[in-house]
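The values are calculated or read from the model by the stated rules, or taken from the named source; none is laboratory data. Just so it is clear, the model here is predicted, and its values are computed rather than measured. Cβ sites come from the backbone with ideal geometry, for glycine too, and all protein chains shown count toward neighbours.
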Amino acid sequence: MKQRNPVYITILTVTAIVVIVYYMLVQNFSYLTSGLFWGTLLICAILVLIQHSIGDLVENEKFSKLSDAEKAIYLDEKSKPYFKSLYESAFKKQSVTEEKDILIDHGFDGIMELDNQLPKWWLGLFYFGCVYCIVYMLSYWLTDFAHPIKEYDNEYKEQTAAVAEYMKNVPQATIETAVFSEDNVAAGEEVFKTNCVSCHGEGGKGGIGPNLTDNTWINQPEKTLFKNVFYMVENGSPNNPAMQAWGKNGVVSGNDIQNVAAYVYHINQEKPPITEAEGGAKPQGTEAHWEK
């Protein structure tokens with residue numbers, strides 16, 4: 001007779017399977033506080049105990065039919081610790097007598113081989129893999145589990161909500177607190193492309209709106225270029241209704257205005273102006289003398 005797995009090993013294995021199945025369905029560990037999960041574990045444990053008890057009855061019936069020598073061998077094997085017998089079944093070398101009993105002679109090619117049984121741990125992993133594959137595929141087809149696009153959408157929504165919550169609470173830049181930083185130029189370029197490029201053209205070369213790369217400005221309410229851009233984006237232009245008060249109207253945040261002001265400062269002060277010959281709009285306004 002084959003040795004049976006201890007009941008606690010079976011219960012642990014079933015518990016692991018139930019945990020995996022619940023995680024596939026729920027996709028997080030919140031189910032650990034659910035009564036349904038613990039009820040499922042309890043029912044599975046009871047079923048395992050019932051199955052083990054039936055197995056004991058079958059084992060006793062088979063044992064009674066063994067000869068005295070077979071009973072002695074069986075009891076000797078059963079007295080070994082479970083993990084020791086598991087290890088020996090996988091790695092112990094058979095004796096010469098045992099090898100003779102499982103020796104296979106091909107006959108036609110002179111090759112001899114041993115018909116060893118696969119170790120229980122290997123078979124267990126194999127059957128577990130088969131069951132896991134079935135559960136995984138069912139979860140994939142019937143739930144949102146393992147769908148990369150749906151997972152991406154969920155994560156995107158969570159991140160967007162987290163950013164929105166952060167932006168609600170983070171202090172926004174004002175014209176008094178805003179400062180120029182090279183680190184803000186790249187972010188400011190993205191704000192510019194989203195909100196400003198339709199009027200001021202690519203790279204600030206001008207179009208419907210004035211050229212932002214030259215040194216002539218229609219409105220000069222502030223003494224420094226950076227603060228002047230911040231003021232105009234926040235309050236709009238009194239000379240042109242198309243230049244709305246982006247900040248006061250709530251279209252862009254104070255930090256976005258700070259970023260786009262850094263970008264305009266960058267293309268105006270740190271890059272050569274885009275001339276009419278290069279496709280830029282002609283100068284408008286008066287020459288500016290900005291303070292550093």
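Annotations
- Residue that is surrounded by the most Cβ atoms within 10 Å (Cβ to Cβ) [pool: residues in region 132-167 that are at negative phi and not in a helix (DSSP H, G or I)]: F145
- Members of region 227-237 found to be of a type outside the set (D, E, K, R), surrounded by fewer than 21 Cβ atoms within 10 Å (Cβ to Cβ) and closer than 22 Å to E291 by Cβ, listed by number: Y231, N235, S237
- Selection of first residues in region 79-94 that are closer than 19 Å to T10 by Cα and of second residues that are of a type in the set (V, I, T) and modelled with pLDDT of 70 or more, restricted to Cβ pairs under 9 Å at least 6 apart or on distinct chains, gives the following pairs, ordered by first then second residue: Y82/I9.
- In region 250-272, the count of residues that are more than 27 Å from E176 (Cβ to Cβ) and surrounded by fewer than 21 Cβ atoms within 10 Å (Cβ to Cβ) is one or more.
- Here the condition is being in contact with a helix residue (DSSP H, G or I) (Cβ under 9 Å, 6 or more places away or on another chain), more than 29 Å from W122 (Cβ to Cβ) and modelled with pLDDT under 85; of Q94, Q27, it holds for Q27 alone.
- Condition met for V48 (part of a helix (DSSP H, G or I), modelled with pLDDT of 90 or more, surrounded by 12 or more Cβ atoms within 10 Å (Cβ to Cβ) and not hydroxyl-bearing (S, T, Y)): yes
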